[in-house]
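Here is the structure we will look at.
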Amino acid sequence: MALDPTSSQMSGSSDPNGSLAIHPLRPSERDGFLESLGSAAAAFVRAQGFTAKPHTLALIPGPDGLAGALLGLGDDRSPYAFGSVAAMLPAGQTWHLAEGSYERDDAALGIQLGRYRFGRFRSTNEPAAIIHLPGPTPRADALAAAVCFARDLINTPANVLGPAELADAGADLAARFAQKSIRIVDDALTTGYPALAAVGAGSARPPAVLRFTYGDDPSHPLISLCGKGVCFDSGGYDIKPSAGMLRMKKDMGGAAIVLGVAQAIMALGIPVRLDVRIGCVENSISGHAMRPLDVIRTRSGQTIEIGNTDAEGRMVLADLLTDAADSGPDWLIDFATLTGAARVALGPDLPALFSNDDTLAQTLLDSGSRSHDPLWRLPLWAGYDQWLSSPVADSNTVGSKPMAGAIVAALFLQRFIPPARKWAHVDTYAWNDQTRPGRPDGGEAQALRAAVTAIESFANDATR
């Protein structure tokens, strides 16, 4: 899936290796470029109706067939302007990207994200065009690799990726960067993470917490990342309808995004200390499964009444956040496919952001805008907190009113955050419902680039 960058500066229709040039053009640049072609070739391009609108391609004829191609960028300044070029070009041909009015990293990222296909279980996969870039792009390559790693995890079916396999993925990631990981299972899990253990009690595949750290320079900020890793969510006794289960292999998307963020930070060598936790669990139905109205004690000592067994993700995060907060992080960020209410409010493309710290929230929002990976902030509206009251426990897991579900879920999580801790919660869809340039249908690492950019900015400011 990665590009094959080349360090040579290229121009003309082909480089010394015989690849053909792709010329990215804005609409205002089209006529000037066509004047540089021969009249016959220019007429051929015009006959294709090429006006340099975004995601359009025109082929340039040559004496041996093809001489190159034109890629329309329109006014799109995002990486997604390059997200469909690999699919539009003839396969089996090697190409290089000519210089133009675009950012090299944006092009590299967009091409790689657009080339991604989940082919693990296909006997054959369609070949894609090979595209060389005019120079190295290490940052874009690291981000693309992290996104594709997270996409692979989300796309993997639940019969192949269960709690143990998700924990394995986290352990393997840590090992790739020479970091040791800790896997918490069995009695240690039941004692230390009782709410998370209750979620997994109904499954024959036991739950686990996977934790690893990175960086040991005490002058670097400590960033804690927590991810919901529900490998499949049946809803438990409050069972989902069949249509509601069709995408539930993606309910571990928060953990996948956390692992992707960690991979990118380690690959880029961002000067931070990382403290990573993912809760790996399956929400199933059996005689051992938690029931509605059960009361469970959390790691924090608070008790929770199970208002709905399908609100299990917040239970996983409650224990993870309590543990992470005890380490005293400068920033504590969690990612979770937590509520359908967030999708009702913001749709599939905008993860909902909640935070108890305006500076942290604004840094994430600004970073999302810069990296074309947007979030939208929703309020931690204290007036709804009383909806979580329970007559028998410290909290109910769900609100007493059928409104503001994403806000109420975030308020539940906030009960496990000490007031002094700077915390952000990202409620994400982690999925593309349809293929668009740079965003093939299936698992998506939403807010990954925003988080990496925000953490990088925070780290650079802190270490100056």
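The values are calculated or read from the model by the stated rules, or taken from the named source; none is laboratory data. If you're wondering where the values come from, they're calculated on a predicted model, not measured in any experiment. A quick note on method: Cβ atoms are made from the backbone with ideal geometry, for glycine too, and the neighbour counts reach across all protein chains shown. Heads up: the accessible areas ignore ligands, DNA and RNA and are worked out on the full protein's heavy atoms, side chains in. Shrake-Rupley method; radii C 1.70, N 1.55, O 1.52, S 1.80 Å.
Search region 38-53 for residues that are of a type outside the set (Gly, Ala, Ser) and pair each with any residue that is part of a loop (DSSP other than H, G, I, E, B) when their beta-carbon atoms are under 7 Å apart and the residues are at least 6 apart or on different chains.
That search, which allows pairs on different chains as well, returns Lys53/Gly74.
If you check Leu210, Leu166, Leu153, Leu161, which single one turns out to be open to solvent by less than 40 Å² (accessible area, probe 1.4 Å), closer than 25 Å to Gly235 by Cβ, part of a strand (DSSP E or B) and in contact (Cβ under 8 Å) with a residue 40 or more places away in the chain?
Leu210
Confirm whether Gly119 is open to solvent by 10 Å² or more (accessible area, probe 1.4 Å), of a type in the set (Gly, Ala, Ser), free of Cβ contacts under 8 Å to residues at least 24 places away in the same chain and closer than 28 Å to Asp373 by Cβ. Steps first, please.
Numbers: open to solvent by 10 Å² or more (accessible area, probe 1.4 Å): yes; of a type in the set (Gly, Ala, Ser): yes; free of Cβ contacts under 8 Å to residues at least 24 places away in the same chain: yes; closer than 28 Å to Asp373 by Cβ: yes.
Yes: the conditions hold for Gly119.
Please state which one of Ala67, Ala58, Ala81, Ala108 is more than 30 Å from the chain's Cα centre (by Cα) and at pLDDT 95 or above.
Sole residue among the options that is more than 30 Å from the chain's Cα centre (by Cα) and at pLDDT 95 or above: Ala58.
Exactly one condition in (1) farther than 16 Å from Gln362 by Cα; (2) open to solvent by 60 Å² or more (accessible area, probe 1.4 Å) is false for Pro379; which is it?
Here Pro379 clears every test but (1).
Hey, could you check region 185-199 for residues that are surrounded by fewer than 21 Cβ atoms within 10 Å (Cβ to Cβ) and among the hydrophobic types (A, V, I, L, M, F, W, C) and say which is farthest from the chain's Cα centre (by Cα)?
Ala188
I need every pair where a residue in region 256-273 that is touching a residue at least 40 places away in the same chain (Cβ under 8 Å) has its Cβ under 6 Å from the Cβ of a residue that is open to solvent by 30 Å² or more (accessible area, probe 1.4 Å) and of a type in the set (Ser, Thr, Tyr), sequence separation at least 6 or different chains.
Close Cβ pairs (under 6 Å, with a partner that is open to solvent by 30 Å² or more (accessible area, probe 1.4 Å) and of a type in the set (Ser, Thr, Tyr)) amount to Met266/Tyr214; Pro271/Thr463.
Please find, within region 294-323, the residue that is farthest from Ala409 (Cα to Cα) out of those that are part of a loop (DSSP other than H, G, I, E, B) and either small (Gly, Ala, Ser) or without any contact (Cβ under 8 Å) to a residue 60 or more places away in the chain (or both). Lay out the reasoning, then the answer.
So in region 294-323, the residues part of a loop (DSSP other than H, G, I, E, B) come out as 294, 298-302, 306-312.
Filter once more, so that each one left must be either small (Gly, Ala, Ser) or without any contact (Cβ under 8 Å) to a residue 60 or more places away in the chain (or both): 300-301, 307, 311.
On the way: Ser300: 17, Gly301: 19, Gly307: 12, Ala311: 9 Å.
Out of the qualifying residues, it is Gly301.
State the number of residues belonging to region 214-264 that are assigned to a strand (DSSP E or B) and open to solvent by 10 Å² or more (accessible area, probe 1.4 Å).
3
Tally up the residues in region 404-457 that are touching a residue at least 12 places away in the same chain (Cβ under 8 Å), within 16 Å of the chain's Cα centre (by Cα) and in a loop (DSSP other than H, G, I, E, B), please.
Total satisfying the criteria: 10.
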